[in-house]
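Worksheet: one structure, shown below.
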Amino acid sequence: MTDNTTQLTRLRTRMLATAYSNADVWTQRTAFLTDQAVAALARRDPTAAETLAASLLAPEILHDTQILGAAVEAGIDTSTWAERREKTRTYAREAYELPPQFDPATEAKRIWASLYDHYPQIAAALAVSLRQMPPTWHEELFTSSPHSPAAALRTVLVRSR
């Protein structure tokens, strides 16, 4: 049996399936708009669209020179990209290199330090948000078992009413 599906159809199927099924709004929107751009190219130059689709579906590793070359050709200033990429990689390494067994207090300090270093505005907003929470926030948020001391206290208070 011969598969007559073109590379362009395969690519569009992947992009539209990603747009339809992805929970991340940015990924969803990017996949849909990229599909629309490829469809527009296909209407104008079907051969170029098929070539583009074949190159997109090829499992070839991209190199920095290819990406930066395309950015320069598009007139994009890439002077801050290396620093931004290194920050992203550092943040990802910190998140993925967690040991299987860890001390919650140590990890909380590490996560806070990482958040503060990489995203100081978010850290400040989080601190303000935590200060505004009611004094019982900890019990309300982390009491998940009916056998916990906070749940037992709440049961006694409800029965005494």
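The values are calculated or read from the model by the stated rules, or taken from the named source; none is laboratory data. This one's a predicted model, so the numbers in the text were calculated from it and none came from an experiment. As a convention, Cβ positions derive from the backbone with ideal geometry for all residues, glycine included, and neighbour counts pool all protein chains shown. Just the protein is used for accessible areas: all its heavy atoms, side chains included, with ligands, DNA and RNA removed. Shrake-Rupley method; radii C 1.70, N 1.55, O 1.52, S 1.80 Å.
Worth pointing out:
- Qualifying residue in the range 20-27 (condition: farther than 28 Å from S114 by Cβ, open to solvent by 60 Å² or more (accessible area, probe 1.4 Å) and small (G, A, S)): yes
- Per-region count, the range 19-73, residues of a type in the set (S, T, Y) and within 18 Å of Q7 (Cα to Cα): 4
- Yes/no for D117 being open to solvent by 90 Å² or more (accessible area, probe 1.4 Å), at pLDDT 85 or above and assigned to a loop (DSSP other than H, G, I, E, B): no
- Looking across the range 50-94, just one residue is touching a Leu at 6+ places or on another chain (Cβ under 7 Å), touching a residue at least 24 places away in the same chain (Cβ under 8 Å) and either open to solvent by 90 Å² or more (accessible area, probe 1.4 Å) or β-branched (V, I, T) (or both), and that is L56.
- Residue within the range 124-142 that is open to solvent by 100 Å² or more (accessible area, probe 1.4 Å), at pLDDT 75 or above and closer than 30 Å to A92 by Cβ present: yes
- Residues located in the range 12-64, provided they are over 26 Å from the mean Cα position of the chain (by Cα) and charged (D, E, K, R): R43, R44, D45, E50
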